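First comes the structure, then the notes that go with it.
Any read-out appearing in this document is the output of simple, stated calculations on the displayed coordinates, not a laboratory observation. Computed from a predicted structure; not experimentally measured. Glycine gets a Cβ as well: all are built from the backbone with ideal geometry, and neighbour counts include every protein chain shown.
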Amino acid sequence: MAPGEDAPLPRAPGPDAVRSISRSDDAPDEPGTVVWHRDDLRIADNPALAAAAADADRILPLFVFDPGFYDERGAACDARIEFLHDCLRDLDRQYRDVGGAGLTYGHGDPLDVLARFVDAGWEVVASATASGRYGRRRDERARERLGVRFVAGDGLVRDADRPREDWSDRVESWFAADPFDWDPRSVAVERVETGVSPDRVSDAYGVAPTKTRVPTGGRGPAKDRLRAFAERIAEYPGSISSPVDAREGTSGLSAYLRFGCLSVREVHRHVDERAPDGRGKSMYVSRLFWNRHYTQKLLDWPGWLDRAVNPVYEGFNGDRHDPDLVAAWKRGETGFPMVDASMRCLRETGWLNFRMRALCASFYFHILQQPWRIGADHFYEHLIDGDPAINYTQWQSQCGLVGRPGLRLYDPRKQVRDQDPDGEFVGRWVPELDPLPAAHLDAPEKTPLAVQREVGIEIGEAYPYPVVDYEAAREEFRERYGAVHGAAAARLGDEEIARRASLSGGVGAARSIAADHGELAEADGDDADATSQTGLDEFG
Ligand SMILES: Cc1cc2nc3c(=O)[nH]c(=O)nc-3n(C[C@H](O)[C@H](O)[C@H](O)COP(=O)(O)OP(=O)(O)OC[C@H]3O[C@@H](n4cnc5c(N)ncnc54)[C@H](O)[C@@H]3O)c2cc1C
């Protein structure tokens, strides 16, 4: 993002603006409650909104643009920022559609903005969320300094010493419970004009998305997608692994869930009630559990974003950091077509299906043997659905940093043969290989010279030779990883490490891994049938 030419945005709303709405003729002494929206950009099934509406006669829905997410510290690509802005415009409409005045936009350190309301007598309520260190500190300070009330209601377990005990049952009960509700007629929804809006923020920070095929954010588009997906859910199992089929065949709801346009529970309920029974439905519902499962992990330990969950793997691959290899991976120029096509698709569209995300993470960590966080940060920057709770925990799980037995190694050549036998995906994203017959796309460097001449491409010129010897790198990694795996498995026996790993089987499961696994056990990612992985334990 580059700053725009317009004057910088003021910190808003100013104290006068807040004071101007704090006095109401009907209730001069009771300013009301601010509903501080963050990643819950909807008015249905919203715990904070329901709590505010139950207690107050006046509410003021607020979103604060935090400069930290927009200036050089920001970690999101402009397309994700624009998607967020769509969601905010839509939230404003949602409030207006039920007769409210709309959404108030603030700009500045959220605590400073909220303090202006608190000083004028407003209470503040927000939905509790699982976040990394920054968000956690912000919320703790908001609670301590300003008395902000955080209302839980996202299905995560917060009130238990061992959150994983009976976890699935608790999440299941949450799915089955009635959504949070409020009656817009019983409360006045206020708004204050601040001069801040998503458009002005985009201008001020020079938000200029360049990605293509990015969906429009907001609850309206999310509901359309959900309805359409529920009707074709029977085709879901057959389409999740191929990167071409998955684009239309999976729900495409991840970015909407990430910003809370729909709650996970709303999606669950719709699918449960409206989708035909069958394998597609049960597989899909299991993914909604995975969403909660990985989010619970971040709630249980914020370190997932920057430290290896198993200390034995802290710094693994650090001594091999090779910026050229990392750059080749990011650009999609590794000489492995499925990895390159996926990485270019990620950069261009901000989305990849699960299997290709897992392949690229595995290739980066196991084969290129580069430090995991640089790869995870790159994903996080480019994914429209970039969710700290899922991205970083998935990265650590896929890389094998937990210390569970079984390494998820994906062979990029086999993935071409299995998932793109006609070369549609590779041809689309690596057009320089398009003239090559599909039979050579798994290993273009082995294409006979006569064929290369015939179709007019020269491997090594038009498209790179593999940047590493795949088989040798894989063996080397297995040896390096295997040499410390016993120690890593043993660390899972420590209570603290077992808790932070937050396995679906809880501390007991971590301890039995420690007891049972001193040696590396192998389970190739390719051999694992992704479509049959419906149990939480599979993804620990
Ligand atoms: C390295 C890596 C990084 C990832 N980063 C993210 C991320 O930042 N944000 C994100 O939402 N998903 C992430 N995923 C999980 C998964 O790839 C995406 O959720 C999925 O591809 C999104 O497309 P969809 O909504 O069409 O999925 P669907 O197949 O329709 O799944 C429905 C929903 O279930 C949840 N879900 C599906 N698979 C998983 C999973 N493996 N773990 C947790 N939840 C899941 C998501 O909320 C998803 O929207 C990551 C996976 C890997 C391997």
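Protection proxy ranking of 469-479, 53-63, 490-500, by the mean of other Cβ atoms within 10 Å over each peptide's residues and highest first, is 53-63, 490-500, 469-479. When the GluC sites (Glu not before Pro) in segment 131-184 are filtered for DSSP coil states and for at most 16 other beta-carbon atoms within 10 Å of their beta-carbon, the remaining sites are GLU165. A dipole drawn for the chain from +1 and -1 charges on Cβ atoms has a positive end, and of LEU156, ILE21, ALA208 the residue lying farthest that way is ILE21. The equivalent ellipsoid of the chain has semi-axes of 42, 27, 22 Å, largest first, where each one is the square root of 5 times an eigenvalue of the Cα gyration tensor.
The ellipsoid that matches the Cα gyration tensor of segment 15-153 has semi-axes, each √(5λ) in whole angstrom, of 24, 18, 15, with the longest given first.
For the chain, the number of Lys pairs with C-alpha atoms closer than 24 Å, counting only pairs eight or more positions apart or on separate chains, is 6.
When its C-alpha radius of gyration is set against 2.2 N^0.38 Å (N residues), segment 219-299 gives a value of 1.04.
Lys/Arg Cβ at +1, Asp/Glu Cβ at -1, dipole of the chain taken about the Cα centre: which of ILE240, PRO431, GLN396 is farthest positive-ward? Comparing the listed Cα positions along the dipole, GLN396 ranks first. Stretching the chain fully between VAL244 and GLU475 yields a gain of 80.1 nm (0.36 nm per residue, less the alpha carbon separation).
For segment 177-269, the pair-distance distribution built from all alpha carbon pairs, in bins 10 Å wide starting at 0, is 12, 29, 32, 20, 7 percent.
Taking max minus min of the alpha-carbon positions on each principal axis, segment 368-474 gives extents of 48, 32, 24 Å, largest first.
When restricted to Cα atoms, segment 419-523 yields an Rg and a Dmax of 22.1, 63 Å, respectively. Each of SER173 and ASP55 was given a label point 7 Å from its Cα along the Cα-to-Cβ line. The distance between the two points is 2.4 nm. Using the average count of surrounding beta-carbon atoms within 10 Å as a protection proxy, the listed peptides 261-267, 72-78 rank, highest first, as 261-267, 72-78. In terms of overall dimensions, segment 311-539 has a Cα radius of gyration and Dmax of 18.4, 63 angstrom.
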